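To start, the structure itself, in structure tokens.
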Amino acid sequence: MCILIKELDNDFQQIDKVQEFLFAQIKKEFGYGYVPEFHRDIKNLNDFYIAPKRNIFLIAIDERSDEIVATIGLRAYDKNFEEFKEIYSPQSTASIWRLFVDEKFRRCGTASLLFKLVEDFAFKNNFNEIYLHTHKTLDGALDFWNKMGFKITVDTNNELQTVHMEKNICSNMYGDELSNCLTRFDSSEYVILI
């Protein structure tokens with residue numbers, strides 16, 4: 001299979017497709033649809049990911065079907081979690097959002113590659129660490145993020161089983177590794193053969 005990975009731009013049709021994909025994935029994984037306090041960024045992809053220079057949103061497209069099969073967003077930290085008030089800042093901390101992979105495309109390296117691309121982007125944009133939160137109820141999520149080098153900072157044990165994690169970025173860890181598995185067509189598109 002051939003997957004095209006590209007940066008989301010302010011194309012309204014593409015944004016509509018991304019929103020549709022994200023809400024379908026959220027429905028599958030969490031069992032609910034749009035919740036305004038949880039999904040402001042999805043409704044405003046341009047404001048959260050496209051317009052800000054230090055933010056990015058990547059989409060993976062199956063070239064055979066032209067369907068979106070995976071997404072990931074990275075943005076400067078903008079949450080107001082009380083436990084992190086004096087720890088994270090938008091100047092030094094990036095945060096991962098909306099990593100979803102269609103179940104038919106899981107376990108073939110797409111999520112790992114998407115993460116490596118946004119981690120490289122974070123490094124090049126002078127972030128010191130990456131924050132994320134995930135849920136223990138998501139199949140494979142904790143194992144995946146641990147493999148990517150994240151450490152648990154807070155396990156809330158709340159109703160949603162939310163776990164907060166972070167990873168320090170100390171260098172460009174991947175060097176030429178990304179180049180070896182990708183062909184770069186321009187500044188915002190990559191192709192991976194899986």
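The values are calculated or read from the model by the stated rules, or taken from the named source; none is laboratory data. Bear in mind that the values here come from a model prediction, so they are computed numbers and not experimental data. Reconstructed Cβ throughout: ideal geometry from the backbone, glycine too, with neighbour counts over all protein chains shown. When the accessible area is computed, the model is the full protein with side chains, heavy atoms only, and any ligands, DNA or RNA have been set aside. Shrake-Rupley method; radii C 1.70, N 1.55, O 1.52, S 1.80 Å.
Scanning the range 44-55 for residues that are touching a strand residue (DSSP E or B) at 6+ places or on another chain (Cβ under 8 Å), in a helix (DSSP H, G or I) and under 30 Å from residue 1 (Cα atoms) gives 45, 49, 50. Against the list (1) free of Cβ contacts under 8 Å to residues at least 12 places away in the same chain; (2) crowded, with 17+ Cβ neighbours inside 10 Å; (3) of a type in the set (Asp, Glu), the condition residue 120 fails is (1).
Quick grid of which residues meet (1) open to solvent by 20 Å² or more (accessible area, probe 1.4 Å); (2) of a type in the set (A, V, I, L, M); (3) touching a residue at least 12 places away in the same chain (Cβ under 8 Å); (4) not in a helix (DSSP H, G or I):
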position	(1), (2), (3), (4)
42	no, yes, yes, no
57	no, no, yes, yes
70	no, yes, yes, yes
75	no, no, yes, yes
86	yes, no, no, yes
96	no, yes, yes, yes
104	yes, no, yes, no
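Among the residues examined, residue 38 does not qualify as more than 21 Å from residue 119 (Cβ to Cβ) and either among the polar types (S, T, N, Q) or touching a residue at least 60 places away in the same chain (Cβ under 8 Å) (or both).
Cβ separations smaller than 7 Å between residues 6+ apart or across chains give the following pairs from the range 158-169 residues that are outside any strand (DSSP E or B) to residues that are among the β-branched types (Val, Ile, Thr) and open to solvent by less than 50 Å² (accessible area, probe 1.4 Å): 169/130.
Checking each residue in the range 18-35 for being more than 20 Å from residue 106 (Cβ to Cβ) and either open to solvent by 70 Å² or more (accessible area, probe 1.4 Å) or at pLDDT 95 or above (or both) picks out 19, 34.
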